[in-house]
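Below is one structure, written out as structure tokens, with a few remarks after it.
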Amino acid sequence: MTATAGRCADLAEAAGDPGEGTAPPAGHWLLIEHPGPWGRLALKESGIDPAAVASLSSWARRVNGRIALIRRVARRTEARERRHRWFRIDARPGHEEIRAGEFTDAAELALATSARGRGWPDPLALVCVHGRHDTCCAVRGRPLAAAVAADFPDAAWECSHLGGCRFAPSMVLLPHGFTFGGLRPGDAGGVVREYQRGTLDTKYLRGRSSFEPLVQAAHHHARAATGATGIDDLRLIEYVRDSGSDWRVEFAGPGCTVYLRERHMPANRRLTCASEPVSGIRVFELLGLRY
């Protein structure tokens with residue numbers, strides 16, 4: 001087998017790609033219930049009115065938002081229902097909130113970015129199963145989605161492309177935007193249960209979506225060093241470039257300073273099943289910590 005053959009998640013796993021710093025960047029999320037089918041470009045090819053798609057996409061660009069299509073796990077009967085749900089999430093630290101509403105047509109959906117909706121008290125667990133975008137997401141994602149739904153039927157949703165297909169299966173816990181990769185179905189229940197209790201199982205954690213990739217990586221190392229597991233632990237104070245590709249990231253609660261170097265690691269393989277091979281991937285090398 002050549003360096004570029006095989007599925008992207010198998011290749012990444014064999015290469016030991018570091019997952020920290022790879023969560024999809026988003027301070028806000030909009031989830032749209034849509035039973036499918038989902039094209040490769042889920043929102044654009046969803047059949048939703050183009051004017052509504054343009055309005056929603058404009059909102060996402062303005063607020064550093066991410067839009068995902070969602071559906072209940074292994075339940076396609078909802079396609080016959082007239083009303084579908086939307087969830088709007090603020091994932092920024094200190095602002096975590098989920099608002100929910102329903103829509104029957106594109107005009108109502110277009111208002112989801114500004115409608116008050118109603119507060120949604122319970123966390124949401126999204127698992128990417130978007131096979132049209134990447135084969136690994138379907139092959140690895142569907143068993144994970146089923147496992148989460150078995151224990152948490154109200155929280156679990158299948159979703160469209162999240163990013164970082166080579167870390168499939170991918171799961172996001174909202175409202176915080178904690179993103180996990182390579183999570184085994186047998187471990188999923190414990191991860192979700194810990195999150196509901198206000199703590200994190202960090203074994204498969206790729207990062208928090210509202211943080212820059214650099215900060216996500218620093219957060220990973222700070223948690224490992226300090227043993228902090230609370231979902232609100234390690235509040236970001238600042239991140240500054242020390243020189244060249246070297247960075248310093250400061251956290252509080254508990255206090256920790258992380259020193260990282262941004263560099264590219266040779267790859268010579270595909271990072272998604274449908275893409276061309278790349279020569280390297282960005283990683284953040286740990287230089288040191290002070291806490």
query: Got a sec? Which of 206, 241, 261, 248 is under 16 Å from the mean Cα position of the chain (by Cα) and either in a strand (DSSP E or B) or at positive phi (or both)?
result: 206
- request: Identify, from the list 258, 240, the residue that is in contact with a helix residue (DSSP H, G or I) (Cβ under 7 Å, 6 or more places away or on another chain), without any contact (Cβ under 8 Å) to a residue 60 or more places away in the chain, more than 20 Å from residue 26 (Cα to Cα) and β-branched (Val, Ile, Thr).
  value: 258
query: Is it the case that some residue within segment 212-219 is buried (at least 22 other Cβ atoms within 10 Å of the Cβ), in the same structural domain as residue 158 (by TED's automatic domain parsing), within 13 Å of the chain's Cα centre (by Cα) and under 19 Å from residue 66 (Cβ atoms)?
result: no
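When the residues of segment 189-203 are narrowed to those that are under 16 Å from the mean Cα position of the chain (by Cα) and not in a loop (DSSP other than H, G, I, E, B), which ends up surrounded by the fewest Cβ atoms within 10 Å (Cβ to Cβ)? Walk me through how you get there before you give the answer.
Step one: of segment 189-203, the residues under 16 Å from the mean Cα position of the chain (by Cα) are 191-192, 195, 200-203.
Adding the requirement that they be not in a loop (DSSP other than H, G, I, E, B) leaves 191-192, 195.
Details: 191: 23, 192: 23, 195: 20.
Step by step, filter segment 189-203, then rank; the result is 195.
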field: Every residue from segment 94-104 that is out of contact with any His (no Cβ under 8 Å at 6 or more places or on another chain) and either outside the structural domain of residue 157 (by TED's automatic domain parsing) or touching a residue at least 24 places away in the same chain (Cβ under 8 Å) (or both)
entry: 97, 98
- line: With the first residue restricted to segment 106-127 and required to be under 22 Å from residue 154 (Cβ atoms), and the second required to be of a type in the set (S, T, N, Q) and buried (at least 16 other Cβ atoms within 10 Å of the Cβ), Cβ contacts under 8 Å at 6 or more apart or on different chains are 127/170
query: Is it the case that some residue within segment 220-232 is in contact with a Gly (Cβ under 6 Å, 6 or more places away or on another chain) and within 26 Å of residue 8 (Cα to Cα)?
result: no
query: Within segment 81-124, can you find the residues that are assigned to a loop (DSSP other than H, G, I, E, B), of a type in the set (Lys, Arg) and over 30 Å from residue 238 (Cβ atoms)?
result: 82, 83, 116
query: Do you know which of the residues in segment 26-57 that are in contact with a helix residue (DSSP H, G or I) (Cβ under 9 Å, 6 or more places away or on another chain) and of a type in the set (S, T, N, Q) is nearest to residue 171 (Cα to Cα)?
result: 46
field: Residue among 161, 133 that alone is part of a loop (DSSP other than H, G, I, E, B) and buried (at least 24 other Cβ atoms within 10 Å of the Cβ)
entry: 161
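Kindly indicate which of 246, 242 is surrounded by 13 or more Cβ atoms within 10 Å (Cβ to Cβ) and over 30 Å from residue 7 (Cα atoms).
Numbers: 242 fails: surrounded by 13 or more Cβ atoms within 10 Å (Cβ to Cβ).
Step by step, each of 246, 242 is checked, and only 246 is surrounded by 13 or more Cβ atoms within 10 Å (Cβ to Cβ) and over 30 Å from residue 7 (Cα atoms).
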field: Boolean, residue 222 is touching a residue at least 24 places away in the same chain (Cβ under 8 Å) and crowded, with 23+ Cβ neighbours inside 10 Å
entry: yes
- prompt: Do you know which of the residues in segment 1-50 that are hydroxyl-bearing (Ser, Thr, Tyr) and in contact (Cβ under 8 Å) with a residue 60 or more places away in the chain is surrounded by the most Cβ atoms within 10 Å (Cβ to Cβ)?
  reply: 22
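The values are calculated or read from the model by the stated rules, or taken from the named source; none is laboratory data. Since the structure is predicted, the reported quantities are computational estimates derived from the model, not experimental observations. Here Cβ is always computed from backbone atoms with ideal geometry, including for glycine, and neighbour counts include all displayed protein chains.
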